[in-house]
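Reviewing the structure listed below.
The values are calculated or read from the model by the stated rules, or taken from the named source; none is laboratory data. Everything numeric here is computed off the predicted structure, so don't read it as measured data. No Cβ is skipped: glycine too gets one built from the backbone with ideal geometry, and neighbour counts run over all protein chains shown. Quick note on the areas: whole protein, heavy atoms, side chains included, nothing else; ligands and nucleic acids left out. Shrake-Rupley method; radii C 1.70, N 1.55, O 1.52, S 1.80 Å.
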Amino acid sequence: MGYIMRRFLRSAMVVFSWFVVPYSKYTNMKTSRRKLPPIKTHLLEIPAVDLAKMIRTKQVKSEEVVQAYIDRCKQVNPLINAIVQDRFDMALEEAREIDRVIAKGINTVEQMEELTPLLGVPVTVKESIAVKGLTNQAGRVFKTPQVAKSDAPVVEQVKKFGGIILLVSNTPELCLLWETYNKVTGQTKNPYDLRRTPGGSSGGEAALLASGASLLGLTSDIGGSSRLPAMFSGIWGHKPTPYAVSFKGHHPTSDFPKWGDFFTIAPMTRYAKDLPLLLKCMADPTGTKLTLDKEIDVKKIRFFFMDNDGPSGMMRPLSRDLHAAINRVANDFNAKRVNIRKMKWSLDISLSAMLTMENIETIYHKTEEGEKPKTICTETVKYFCGCSDSILPSVIFGHLQNFMKIIPNSRHKQLATIIEALKTEFRQLLGTDGVFLYPTFPNTAHKHYRIYHKLLEPMYMAIFNTLGLPVTNCMIGLDKRNLPMGIQVVANPGQDHLCLAVAKEMERRYGGWVRPPTEEPLPEEDEEQEEDEKLFKDDIK
């Protein structure tokens, strides 16, 4: 991408901000400034690894645990709006049956640990992942609700290992935005500040986990959809090595042969120590094998880091707090600063790779039975006239696909060459004992809708989908506004265990998840707006 085009896109984000920021401020005037009710039971603050052991050894009943999470969901959902549909009654009955089986002593504690390591533990699921009997339309408006007729393979796996599904959670329409809202369920809010977004597209899961209403979550990731919500909500999200987890049973999907190179279903947890357990239970028995039980000495891992994107001149620099935090982490782990210059092509190669995939499910690709197919021009006019059932990203996605078609094939081939060169560079740099530390996003959770003038920044994450590398968002503390900060830990394919080992060490060092604030009123000042304005002035210069 040439200098002129880069400056055009950067300037376009500035222009968007002139409309987005006032609109964001206006909509936030209507948003409650309340905070979440406090967590009052210790059951909600026990990691899944320990909770499963307590259930197996009869220290606590699964029914008690499930009921505690149901009660917490009912407490917080009126504020965060994260639940699309629940199955609370069925979950309680499943928990009672598990308690009865445990009481009979049919299996030993050791057998239960081996065969059903999640036995009796509640799990929540992103609504775009099929759970039999529950809605499965990824926030898209249908006249007739679309209900899953069977479980996605990953849900089958989790159930097989003893997990109890509680509900399906909110997502932007067709998972096409890094903020979670749609015209079916509405907007999901960040537990740390209801005026801010929990990110997307797995924002419903992140909000529930951060608020203490969930412990383990099934999400998905094609461009940071698991990692950005994890960062904005102060929890842990992992994008696995491609094909380690089945991607089937998800909407949207594609029959493009390389769809699984970029897209994956992903684990999200409140505690880092639970990531290996959940990922192991999610793993596709016929997919790429991971060595999640391998013992890792973090001291023997080689660390590398960057705190910019090349620089490309496309993405914003990190906020002061994030810059300081990432450099502190790099120093704590004796990470070597590197300059991978090809990272400056993150936007170009990611858009080229993803938007040229064919047969991706969109509002134009699949319509309700009996409905005429939508056309791009008609739907665009309807949107700007306020008559569309879809949100903006779904409408403009068709335009982006068409734009990619006019780019010469020779350019796409050139970008594909850069992808392969970057893969080789990472393979040689990290080997089987190295990890790469990299920003997740340049700032902490922003006010609702402000992603629309930060649409270039998710390339900090999408680049690793393009390269097919496993990566974990790790919680590394709070900024001056008491909002969670995160960092990505990246490894070579098949080396997920390195990312997860580092995540557990970071949780030990920096404390991990922090309870969202309760009771005190939120501050009136908008320091983020001042910081944005400074960045815009720098952009214009």
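Points worth noting:
- Complete set of residues in the range 120-138 that are part of a loop (DSSP other than H, G, I, E, B) and charged (D, E, K, R): GLU127, LYS132
To keep it simple, each residue is scored yes or no on (1) more than 30 Å from VAL490 (Cβ to Cβ); (2) not in a helix (DSSP H, G or I).
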position: GLU371; (1), (2): yes, yes
position: VAL381; (1), (2): yes, no
position: ASP389; (1), (2): yes, yes
position: GLY398; (1), (2): yes, no
position: MET404; (1), (2): no, no
position: HIS412; (1), (2): no, no
position: GLU420; (1), (2): no, no
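- Tabulated pairs, the range 405-431, first at positive phi, second open to solvent by 60 Å² or more (accessible area, probe 1.4 Å), C-beta under 9 angstrom, 6+ apart or interchain: GLY431/ARG302
- Some residue of the range 95-103 being within 25 Å of the chain's Cα centre (by Cα) and in contact (Cβ under 8 Å) with a residue 60 or more places away in the chain: no
- Residue within the range 326-347 that is surrounded by 12 or more Cβ atoms within 10 Å (Cβ to Cβ), touching a strand residue (DSSP E or B) at 6+ places or on another chain (Cβ under 7 Å), in a loop (DSSP other than H, G, I, E, B) and β-branched (Val, Ile, Thr) present: yes
- In the range 120-154, residue nearest to ILE98 (Cα to Cα) [restricted to those that are surrounded by 15 or more Cβ atoms within 10 Å (Cβ to Cβ) and hydroxyl-bearing (Ser, Thr, Tyr)]: THR124
- The set of residues in the range 348-369 that are of a type outside the set (D, E, K, R) and part of a loop (DSSP other than H, G, I, E, B) comprises THR356, MET357, ASN359, THR362, ILE363, TYR364, HIS365, THR367.
- Condition check for PHE16: within 28 Å of the chain's Cα centre (by Cα) and at pLDDT below 90: yes
- Total residues in the range 475-500, condition under 15 Å from LYS273 (Cβ atoms) and surrounded by fewer than 24 Cβ atoms within 10 Å (Cβ to Cβ): 1
- Cβ-Cβ under 8 Å pairs, at least 6 apart or on other chains, the range 119-137 side within 16 Å of LEU277 (Cβ to Cβ), far side hydroxyl-bearing (Ser, Thr, Tyr) and in a strand (DSSP E or B): THR124/SER169
- Qualifying residue in the range 58-67 (condition: surrounded by 13 or more Cβ atoms within 10 Å (Cβ to Cβ) and either outside any helix (DSSP H, G or I) or modelled with pLDDT under 95 (or both)): yes
- Selected residue (criterion: least open to solvent (accessible area, probe 1.4 Å)) from residues of the range 1-36 that are basic (Lys, Arg) and within 23 Å of GLU457 (Cα to Cα): ARG10
- Residues of the range 422-433 satisfying the condition of being touching a strand residue (DSSP E or B) at 6+ places or on another chain (Cβ under 9 Å) and in a helix (DSSP H, G or I): PHE426, LEU429, LEU430
For every residue, the table says whether it meets (1) in contact with a helix residue (DSSP H, G or I) (Cβ under 6 Å, 6 or more places away or on another chain); (2) in a helix (DSSP H, G or I); (3) open to solvent by 60 Å² or more (accessible area, probe 1.4 Å).
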site: ILE70; (1), (2), (3): yes, yes, no
site: ASN77; (1), (2), (3): no, yes, no
site: ASP89; (1), (2), (3): no, yes, yes
site: GLU94; (1), (2), (3): no, yes, yes
site: GLU97; (1), (2), (3): no, yes, yes
site: VAL101; (1), (2), (3): no, yes, no
site: ASN107; (1), (2), (3): no, no, yes
site: GLU113; (1), (2), (3): no, yes, yes
site: LEU118; (1), (2), (3): yes, no, no
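- Matching residues, the range 306-325, being open to solvent by less than 10 Å² (accessible area, probe 1.4 Å) and either aromatic (Phe, Trp, Tyr) or free of Cβ contacts under 8 Å to residues at least 40 places away in the same chain (or both): GLY310
- Residue in the range 351-361 that is at pLDDT 90 or above, open to solvent by less than 80 Å² (accessible area, probe 1.4 Å) and over 27 Å from the mean Cα position of the chain (by Cα) present: no
- Residue check for PRO470: buried (at least 19 other Cβ atoms within 10 Å of the Cβ) and closer than 29 Å to THR417 by Cβ: yes
- Test result for LEU44, touching a residue at least 24 places away in the same chain (Cβ under 8 Å), under 27 Å from THR135 (Cβ atoms), among the aliphatic types (A, V, I, L, M) and assigned to a helix (DSSP H, G or I): yes
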